[in-house]
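The structure appears right after this line, and notes come after that.
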Amino acid sequence: MGSIEYQQNNEWKRLTPDLVRRVAGAPCLHPNEVATGLRLVDSDTAAALRDQYCVIKLGQKRADPSEPHRAQQPWPGHAFVAHWDRPEPWRSLSLPQRRRLLCLAASSGHAPSLDAALAQCGCSLIPEVLTAAAAAGNLEGCERLLGEGCFREATSAVEAAGRGGHLQVLQLLLKKAERGARAAYYAVAVRGACAGGQLHVLQWMQDTHGFRPKARHVVLAAEYGQVEVMELLLPQVQAELAPAQPGQDQQGQQDQEMQPGQQGPAPPADASRLHEAFRLLVAITLGCPLEVLQRHYDTLRRWSGGPAAAGHAGHHHQQQQQQEGLGLGLGAAAGNAVANVGGITDWPERQQNRLLMAAAASPAPDWAAKVEFLRSAWGPDAAAAVAEASTGSGIELWGVLFERPDCLARLQHLHSVGVSLATPMLSRYAASAGRPEALAYMWDECGQVDGVSAAALLKDCMFGAGTGEPLVMRFLHGRGFQFTALQAECEAQLGASDATLLFLAEVVVDSMDGEEADAGGMGPRAQEARVEEKEERSQKHWSCAFRNAAERGVSLAVLQALRSRGATVDLEAVAMGGSVEALEWAAAELGADGGGRALQVSRGGTAGHAFACRGHFVLQEGRGSGSWPLYLPLYTCHSVLLGLAKP
């Protein structure tokens, strides 16, 4: 046996570094396995793989902040415990980073990793942690978390379990829920199962809790492209969609839908049927493949009415749809776009506008084919009229389109079929989505106003909240757009990324927004007063940006950059969201400024407070008496106090 192992090791040592890298790059090996396994074979292998496999990936990238945190599989459990089951590595992590690491450990399915994270993270249990475990189907982890903390709000966890088809986790969450919340959780579980295409969960909900499908469930399944669920439920809700048969009165429909011994609401009116049928058509156009749209288009268009059926949509039904809501994963814009169909009085042009944009914004790869299918179904004259009016009604689906990675190709296709892209509103959508290539195309090739004027239209638009890199800001800066300290404050308040705030700290030029041009006729004292006013205003904006950013837990580098622009250090804000290292730096800054004052961490008793308890420095997160504590080691308290005590 020993000779065989020796021979294998000897053969491996004969491989050149290039061959070792080719083996490491084989499809059957995950980079985590290489970093935590193959690299450790011997020193030569480690040297060959050092540059390419020096980082262990713990989490999957989230396309949307509303998505659960998901651990990377295979999970490097042994390496995680060896590194993170001690306090030192956590010192440099901000509160959001600690929470994410805890969520990833809960999602990993590796019990020792979750134990280590719970022991060392120094932050409270929030619903996101339970949601991460539920989305991964980690039954043991959910049981552990439910035992550790009181989760009064588990809506997102129930939805994630239903959407992932994790029936045992769902049953656990429903069992542990307070009795008064269970009815709402049943509805959430059904929505999750519809969005995830989990027929077995729907069947269990029907057998156990009496679930009966409604038109909104079919619409939701279609929006998320769950064709099997949509077509299975569609015949069961046809009475909510199809026109009433001649001679069939309302009482007859009610008797047909009710089960023996049950009472139920009256069936929907004709206007409601028109509305629901069109919502389903929009959802299919947005979420389902072309062949599904082709299969249902004629029927649903007939059910959704025609010119003779105009003017029947009621205000009561609009309120009902707003209360029910729609959409779980395509974002609020997509959900509103399907739900806010508007009055049937605008048929057919308004409805056709919405259908065209639903096809263009579809996440399916056949979006262009769906656009062409609709145009051919309407005929050239109608298609041209729709194209001309598609940007005139503030359709929310434009926002969904700009979220697509290939939005430029979609814009080019729409422009080629006659859709005008000259509306300034589209610049705001593109800027908010972080699409500089789309801005350049619309400004330079589609007849929008020139770049400087268009940039002025974006003066109050926020660019950094939903994107990592400040791509749009760099684009605008290159075209002469000037950013202000006020904008840095607003961006920080809305959750701008670290990269965005670092960019603003670098490029913002303190000015009075053109007021200096009028200072020529002023005396020296007046000019000096204006300069002081400018500096005071600028420092106020930078200080507000510092406070907002610190509370969110930005990196130490961002805090230092904001400080370099004149921001006042807010120790409480750093304590609310920053790392131990950031807190010590903030204390040192205050000490260097002669800030020998008592630790002030209470804004009216609502933002938070600090106190010593059981050998820990406890910082209270959140607001009000129901907030959760963030525990930091006692030595941090000592360092803060020592920093403040310096003369």
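Observations
- Checked against the criterion of being open to solvent by 70 Å² or more (accessible area, probe 1.4 Å) and either touching a His at 6+ places or on another chain (Cβ under 8 Å) or not in a loop (DSSP other than H, G, I, E, B) (or both), the candidates R212, R191 yield just one match: R191.
- Considering the conditions (1) open to solvent by less than 30 Å² (accessible area, probe 1.4 Å); (2) over 17 Å from L421 (Cα atoms); (3) at pLDDT below 90; (4) of a type outside the set (D, E, K, R), P380 is excluded by exactly one of them, (1).
- Residue count, the stretch 555-585 (criterion: open to solvent by less than 10 Å² (accessible area, probe 1.4 Å) and under 17 Å from E491 (Cβ atoms)): 6
- Residue check, G418 touching an Asp or Glu at 6+ places or on another chain (Cβ under 7 Å) and either buried (at least 22 other Cβ atoms within 10 Å of the Cβ) or not polar (S, T, N, Q) (or both): yes
- So V219, is it open to solvent by less than 40 Å² (accessible area, probe 1.4 Å) and without any contact (Cβ under 8 Å) to a residue 60 or more places away in the chain: no
So that you can scan it fast, the table gives a plain yes or no per residue for (1) within 17 Å of T484 (Cα to Cα); (2) under 27 Å from the mean Cα position of the chain (by Cα):
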{"position": "C544", "(1), (2)": "yes, yes"}
{"position": "A549", "(1), (2)": "yes, yes"}
{"position": "G553", "(1), (2)": "no, yes"}
{"position": "V569", "(1), (2)": "no, no"}
{"position": "W585", "(1), (2)": "no, no"}
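- Count - residues of the stretch 537-574 that are among the small types (G, A, S) and without any contact (Cβ under 8 Å) to a residue 60 or more places away in the chain: 9
- Taking the stretch 73-130 as the range and being open to solvent by 30 Å² or more (accessible area, probe 1.4 Å), polar (S, T, N, Q) and not in a helix (DSSP H, G or I) as the test, only Q73 passes.
- Residue in the stretch 472-484 that is nearest to the chain's Cα centre (by Cα), counting only those that are closer than 9 Å to V508 by Cα and open to solvent by 10 Å² or more (accessible area, probe 1.4 Å): T484
- Residue within the stretch 483-490 that is of a type in the set (G, A, S), assigned to a loop (DSSP other than H, G, I, E, B) and modelled with pLDDT of 85 or more present: no
- A136 vs. criteria touching a Leu at 6+ places or on another chain (Cβ under 9 Å) and at pLDDT 90 or above: no
- The set of residues in the stretch 558-575 being under 19 Å from W90 (Cα atoms) and touching a Leu at 6+ places or on another chain (Cβ under 7 Å) consists of V558, V574, A575.
- Test: residue in the stretch 160-179 that is open to solvent by 40 Å² or more (accessible area, probe 1.4 Å) and not in a helix (DSSP H, G or I): yes
- Qualifying residue in the stretch 148-156 (condition: crowded, with 22+ Cβ neighbours inside 10 Å, at pLDDT 90 or above and assigned to a helix (DSSP H, G or I)): no
- Test result for A183, open to solvent by less than 60 Å² (accessible area, probe 1.4 Å) and at pLDDT below 95: no
The values are calculated or read from the model by the stated rules, or taken from the named source; none is laboratory data. Predicted, not measured: the structure shown is a model, and the values here were computed from it. Glycine also receives a Cβ, built like all others from the backbone with ideal geometry; neighbour counts cover every protein chain displayed. Just so you know, the surface numbers come from the protein's heavy atoms only, side chains and all, with ligands and any DNA or RNA stripped out. Shrake-Rupley method; radii C 1.70, N 1.55, O 1.52, S 1.80 Å.
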